[in-house]
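For reference, the structure discussed in these notes is given below.
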Amino acid sequence: MPSMPSPHARISAVPSHVAIIMDGNGRWARARGLPRIEGHRRGADAVRRMLRAAGEAGVRYVTIFSFSSENWRRSTAEVDDLMGLLRLYLRSEIAELHRSGIRVRVIGDRKPLPQDIVDLIHGAEERTRNNQALDLIVALNYGARGEIVDAARRLADDVVAGRVALSEIDEDAFAGYLSTAGIPDPDLLIRTSGEQRLSNFLLWQMAYAELVFIDVLWPDFDRDHFDAAMLEYGRRERRYGASVG
Ligand code: IPE
Ligand code: IPE
Ligand code: MG
């Protein structure tokens, strides 16, 4: 079973990869009588705080869910606002991320995104590609089922073309077709806002992630919440199917 990190139970310490479902921006704004975009704006501040905390804690990979492939179901006005914010963030934050040694990588289907955003993403990835302090993976127009189907299609294409033999297909080979190829699976998933579901995020990759749900709206997420999630992670015993140690 090549995908199992260890056959033995082990007590976890600092997670190498933290995935975050940043949820609750809309409710944060509504509670204050503000437009939803204000919640998203304040949510961007929370991303900055979280990245600082993650870097200092020694986390090596952070994946954030920024826009799901299902979020197109929202009003045109909100989608436009979110794209506008993304554009702003890509223009104004990349220099700072680069200074902090952060490598940016975007996963998800870029094709439906506005062309200038696609160009900004490409520029951000190119500019930060040699950074080594922390990898920031931004899931944008991302959905896990779509990702898995796309991987299956490309793998089938390679089989039909004779580039891959059926006998070569195993979990590791399949994972190589996912958008996260080369990135270790998340150790810890944090979801804010009190919702307790995965909402089509990294379904394959989170087979053995520890799930931590925090009852705070994302714009209010701060270092204390991050540290609490890390502490909770440290208390978990990851067994990967082995017996209790
Ligand atoms: C998360 O906050 C941000 C995105 C999905 C883009 P929401 O906008 O989902 O906030 P709630 O869940 O409606 O409060
Ligand atoms: C998940 O949050 C997507 C992001 C955080 C970008 P949603 O708010 O869209 O998820 P549901 O609809 O509550 O499942
Ligand atoms: Mg939500």
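The values are calculated or read from the model by the stated rules, or taken from the named source; none is laboratory data. Everything numeric here is computed off the predicted structure, so don't read it as measured data. Positions of Cβ are backbone-derived with ideal geometry, glycine not excepted, and every protein chain shown enters the neighbour counts.
Does residue 120 satisfy being more than 18 Å from the chain's Cα centre (by Cα) and surrounded by 14 or more Cβ atoms within 10 Å (Cβ to Cβ)? Answer is yes for this residue.
Residue check: is residue 245 more than 17 Å from the chain's Cα centre (by Cα), part of a loop (DSSP other than H, G, I, E, B), more than 17 Å from residue 64 (Cβ to Cβ) and at pLDDT 95 or above? Reasoning before the result, please.
Numbers: more than 17 Å from the chain's Cα centre (by Cα): yes; part of a loop (DSSP other than H, G, I, E, B): yes; more than 17 Å from residue 64 (Cβ to Cβ): yes; at pLDDT 95 or above: no.
It is false that residue 245 is more than 17 Å from the chain's Cα centre (by Cα), part of a loop (DSSP other than H, G, I, E, B), more than 17 Å from residue 64 (Cβ to Cβ) and at pLDDT 95 or above.
Out of 157, 135, one residue alone is of a type in the set (D, E, K, R), assigned to a helix (DSSP H, G or I) and either modelled with pLDDT of 95 or more or surrounded by fewer than 11 Cβ atoms within 10 Å (Cβ to Cβ) (or both). It is 157.
Is it the case, given these coordinates, that residue 153 is in contact (Cβ under 8 Å) with a residue 24 or more places away in the chain and over 13 Å from the mean Cα position of the chain (by Cα)? Break it down stepwise before answering.
Values: in contact (Cβ under 8 Å) with a residue 24 or more places away in the chain: no; over 13 Å from the mean Cα position of the chain (by Cα): yes.
For residue 153, the condition - in contact (Cβ under 8 Å) with a residue 24 or more places away in the chain and over 13 Å from the mean Cα position of the chain (by Cα) - is not met.
Taking every residue in segment 193-210 that is within 14 Å of ligand 1 (Cβ to nearest atom) and pairing it with any residue that is part of a loop (DSSP other than H, G, I, E, B) and not basic (Lys, Arg), at least 6 positions away or on another chain, the pairs with Cβ-Cβ distances below 6 Å are 193/23; 193/24; 193/217; 194/215; 195/23; 200/143.
Search segment 49-93 for residues being in a loop (DSSP other than H, G, I, E, B) and within 14 Å of residue 112 (Cα to Cα), and hand back the single one that is nearest to ligand 2 (Cβ to nearest atom). Reasoning before the result, please.
Filtering segment 49-93 down to residues in a loop (DSSP other than H, G, I, E, B) leaves 58-60, 69-70, 74-75.
Next, only the ones that are within 14 Å of residue 112 (Cα to Cα) stay: 69-70.
Working: 69: 9, 70: 6 Å.
Among residues in segment 49-93 that are in a loop (DSSP other than H, G, I, E, B) and within 14 Å of residue 112 (Cα to Cα), the one nearest to ligand 2 (Cβ to nearest atom) is 70.
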